[in-house]
1. When the Cα centres of the stretch 204-244 and the stretch 162-195 are compared, how far apart do they sit, in Å?
2. Just by accessible area at a 1.4 angstrom probe, what is the order of 77, 110 from largest to smallest?
3. How much of the accessible area of the stretch 158-228, in percent, comes from carbon and sulfur atoms when a 1.4 Å probe is used?
4. For the stretch 176-234, what Kirkwood radius comes out of the mean inverse Cα-Cα distance, in Å?
5. Sorted by packing (mean other beta-carbon atoms within 10 Å per residue), highest first, where do 203-215, 222-234 land?
6. Keeping all protein chains in the complex and leaving out DNA, RNA and ligands, what accessible area do you get for residue 193 with a 1.4 Å probe, in Å² to the nearest 10?
7. Using r as the Cβ-Cβ distance of residue 72 and residue 147, and R0 as 41 Å, what FRET efficiency do you calculate, to the nearest 0.05?
8. Taking 45 Å as R0, compute the FRET efficiency from the Cβ-Cβ separation of residue 65 and residue 211 and round it to 0.05.
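The values are calculated or read from the model by the stated rules, or taken from the named source; none is laboratory data. If you're wondering where the values come from, they're calculated on a predicted model, not measured in any experiment. So basically every Cβ, Gly included, is an ideal-geometry build from the backbone, and we count neighbours across all protein chains shown. What goes into the accessible areas is simple: the full protein's heavy atoms, side chains included, and nothing from ligands, DNA or RNA. Shrake-Rupley method; radii C 1.70, N 1.55, O 1.52, S 1.80 Å.
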Amino acid sequence: MLDATTRSGGTATASPRATAAELAVAVPPATTASPATPTGFAARCTRILFSPWSRLSLLVALLAAGACTVLLLEPQRLLTQGWPPQLGGAAAAVVFTAAYGLCTVAFVPRPLLNLAAGALFGSQSGLGVALAGTVLGAGIAFCLGRALGQDALRPLLRGRWLKAVDGQLSRHGFRSMLALRLFPGVPFWAANYCASFSRMGLLPFLLATGLGSIPNTAAYAVAGARASTPTSPAFLIALACIALPALVGVVLAWRKRHRLRQL
């Protein structure tokens, strides 16, 4: 803006205020530079390291290492050689529970571990440590599968069988897992990783595993504790309790065979 001209007809001059305003409009404000996103070699290595397929490869490597370790240690020798004499009482129960959980993650069959629990600790204590090891091993496998394998494997769920299993565990996780634990047929490790790759929650998974594993685990623990007297009523009842759920599972699968073929 210009000041009013003088009465003597002199030329108009710009006021200092107007000049400052024009300069403020003419000069754009300085912009702050945003921090550059790292795109170097370290950033690429980080993306590759934490990619879904890298984590899945790590899961496979861990499981393979665990299986090889079990083959070398041969935990089945507990049934023939017994527990190390330097361990006893509560320490033995804690060590056996931890070993039980790690062995189930490494694909050791649970019936073998349940028999060992009964033979080493008796029926009641064997049931307790076996159930604790069962829940521990299931939780470890679930967390490993959820953290390392779910992101890579979920996009591959395209088959009708895989989609049906994923949908059942995601919508009815507790009920489905409880049925899987009560009626054996699906391997323990397979059920663990199938649940971890679905949208099932950890707490319902652990509750269903603990409750559903009681009958079968108790039968094996009693059989292991009474293995020295195979003609005793307790041993024979335990064998019947082991065979009955398996028979029920076979009958249910036979009745649902038409529905399974449609998947």
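1. Rounded to whole Å, the Cα centres lie 21 Å apart.
2. 77, 110
3. 68
4. 12.8
5. Ranked by mean Cβ neighbours within 10 Å, highest first: 203-215, 222-234.
6. Spelled out: residue 193, probe radius 1.4 Å, area about 20 Å².
7. After rounding, the FRET efficiency stands at 0.95.
8. 0.90
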